[in-house]
Structure formats: structure tokens, C-alpha cells
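What follows is a single structure, written as C-alpha cells, with notes after it.
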Amino acid sequence: MQSLQGKVALITGANTGIGKETAKSLVCNGAHVFIACRSREKSMPVVEELNRLAGNAGRAEFLSLDLGELDSINRCADEFLARGLPLQLLILNAGLAGQQGKTPSGFELAFGTCHVGHFLLTKRLLSCLQESSPARVVVVSSKAHRHCSGIDFDALQRPTASKTGLKEYGVAKLSNILFVKELARRLEGTGVTTYALHPGVVASDVWRSVPFPLRAILKRFMISPEEGAATSIYCATRPELAQESGRYYEKCREVAPSAISCDELLARKLWEASERWTAMT
């Protein structure tokens, strides 16, 4: 990896799993990395660990962020912007699977956390990204998006309906790719490029609420967080991707996502709905 000295990154959900491994790589290569997570208690030991590993290379800091609460997202963005720093890397990594319910802001839990929360955070930081260009927005999606044939917009503001929550997780991950593609179209020519990726099926905390028998079976086929972070790091740092935008990656190479994730009308509809939902904050 080329030196990231002087570069600033913000990563959601970076106190564990592939987010932590991604942050470690960036910090140790010179970046100033903000770890945006809900729990200060769980995040500060990670921040201290990363700063020890980085030595005089990069540094890590904590930002408080609950992606399920729109007010929390606005406070996080305000706190970052008040620092007056550039932002060259926004990595939307946080996610959850297998939980049921609604976010405090009134969305199906996986969708509200994985898409709506990240949509608002990106919108709030977009001017900073453009002023800091070249800059990148990297979104951790999943091959689970391939199980979705579309989006039931009426269900997005209701509690999780399925018993496992995996159906809703697929919708959230489809939304990630639609968001990346629409964002790329809107940012064309600005110097800000966007990337969606499947990290692999990673043994991380994202699966912590999947019912035990299913979780135990799934973990038999999972890769390590270190392996899972490879594609995030690839999309965030590889120079040869600088002119690519709105594309989808697996195992550090571009692959074709599902046909529905390339539907421009659906992407625009999701974007416009997301703007309405977040305009109330």
C-alpha cells in the first residue's frame, strides 16, 4: 500500500471485525482514522491498540455514532466537520444481521442501520468529501443482495417481519449497492468515487443475533476478519481504481452484481425516498 500520510478516513463500526482490520491497515500506513461507533467503552481500547500499533505513522480517534438514530448521525457529522479536517475516505462498514425490530428513527432495523443511517451520514459529509477530492466512499454490502428481487417500500418503516431477519438484511444490502450506483451518477466529475463490495462471509459480530443453530452452521463456512477486510482496503486505497466509480467488488476484483441492483429507476426511487426520510432531521 502507498503511504496514506496526511489522509483522513472515517469508518463506521470499526471497533470489531473487518472494520477494525480495515482501520488497522489504514492507521499503520499513515492515515488519521476516525472510528465512528455506538459504544465509547468498547471502542476506546481499540483506539488505544491502533495508536500503539501505528507508532508515529497514523492515528485513531473515536466518534460517537448510532446509525439507528438520525439525531446521533447529525451530531457525529457536526463533531467531525467542526474539526475543519479534510476527508478522503468514508468507509460505510457497520451492519447487522438477524436482529428484529425498528430503529429509534422508525425504520426496519437492518434497513435503517445499514442504509438510512449511512445515507444521512454521507449526505452530511458530502461537501467535505468533494472539497477534499480525490476522495472515495466505500460501502460494505453483501452477496445477500442477490436473493432480493426488489424492494417493498411499505415494509421499510415496519418492524422486521421474517423470523431470522436475513430477508431484510438482503434488502438492506441491495439498498447499499443501489445507493453506491446512484451516488456515483450524482458525483460524476467531482473527484469523489464510490465502491460497493462483498467482503466474504466473515466470522464477525454482524451475525451476533442470528439464532444459535443457524449461526453455528454459518460460521463453519466463514473467513477471518483479516481476510474479510482485504476488499475494503483494496477499494479504499488501490490507485488503479481511482477512475472507477459505482462498481461492485468481491475478492479484490470487480464482478457484476445482480440485475435488480443495476436498476436506475429503483436507485433513483430509493434515493428520493431516503432524502424525504432524512430531510426531517
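The values are calculated or read from the model by the stated rules, or taken from the named source; none is laboratory data. This one's a predicted model, so the numbers in the text were calculated from it and none came from an experiment. Every residue, glycine as well, gets a Cβ built from its backbone with ideal geometry; the counts of neighbours run over all protein chains shown. SASA here: full protein model, heavy atoms, side chains in, ligands and nucleic acids out. Shrake-Rupley method; radii C 1.70, N 1.55, O 1.52, S 1.80 Å.
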What number of residues within segment 126-135 are in contact with a strand residue (DSSP E or B) (Cβ under 9 Å, 6 or more places away or on another chain) and open to solvent by 30 Å² or more (accessible area, probe 1.4 Å)? 4
Any pair with Cβ under 7 angstrom, 6 or more apart, that starts in segment 106-121 at a residue that is modelled with pLDDT of 95 or more and ends at one that is aromatic (Phe, Trp, Tyr): 110/169; 115/179; 116/107; 116/277; 119/179
Going through segment 37-55 in order, the residues found to be in contact with a Lys or Arg (Cβ under 7 Å, 6 or more places away or on another chain) and either small (Gly, Ala, Ser) or surrounded by fewer than 20 Cβ atoms within 10 Å (Cβ to Cβ) (or both) are 51, 53
Residue 95: passes all of (1) assigned to a helix (DSSP H, G or I); (2) open to solvent by 20 Å² or more (accessible area, probe 1.4 Å); (3) under 24 Å from residue 255 (Cα atoms) but (1)
Go through segment 223-252 and count every residue that is among the small types (Gly, Ala, Ser), under 17 Å from the mean Cα position of the chain (by Cα) and not in a helix (DSSP H, G or I). 3
Would segment 94-117 turn up any residue that is closer than 14 Å to residue 8 by Cβ and either out of contact with any Gly (no Cβ under 9 Å at 6 or more places or on another chain) or of a type outside the set (Phe, Trp, Tyr) (or both)? no
Could you pull out the residue among 192, 206, 255, 202 that is surrounded by fewer than 19 Cβ atoms within 10 Å (Cβ to Cβ) and either modelled with pLDDT of 80 or more or within 19 Å of the chain's Cα centre (by Cα) (or both)? 255
For segment 132-175: of the residues being within 30 Å of residue 31 (Cα to Cα) and in a loop (DSSP other than H, G, I, E, B), which is nearest to the chain's Cα centre (by Cα)? 141
Just the residues that are open to solvent by 30 Å² or more (accessible area, probe 1.4 Å) and either under 16 Å from the mean Cα position of the chain (by Cα) or at pLDDT 95 or above (or both), please, taken from segment 56-78. 59, 61, 64, 66, 69, 71, 75, 78
Do you know which of the residues in segment 157-181 that are open to solvent by 10 Å² or more (accessible area, probe 1.4 Å) and among the aliphatic types (A, V, I, L, M) is farthest from residue 245 (Cα to Cα)? 161
If you scan segment 44-82, which residues turn out to be in contact with a strand residue (DSSP E or B) (Cβ under 9 Å, 6 or more places away or on another chain), over 17 Å from residue 92 (Cβ atoms) and of a type in the set (S, T, N, Q)? 51
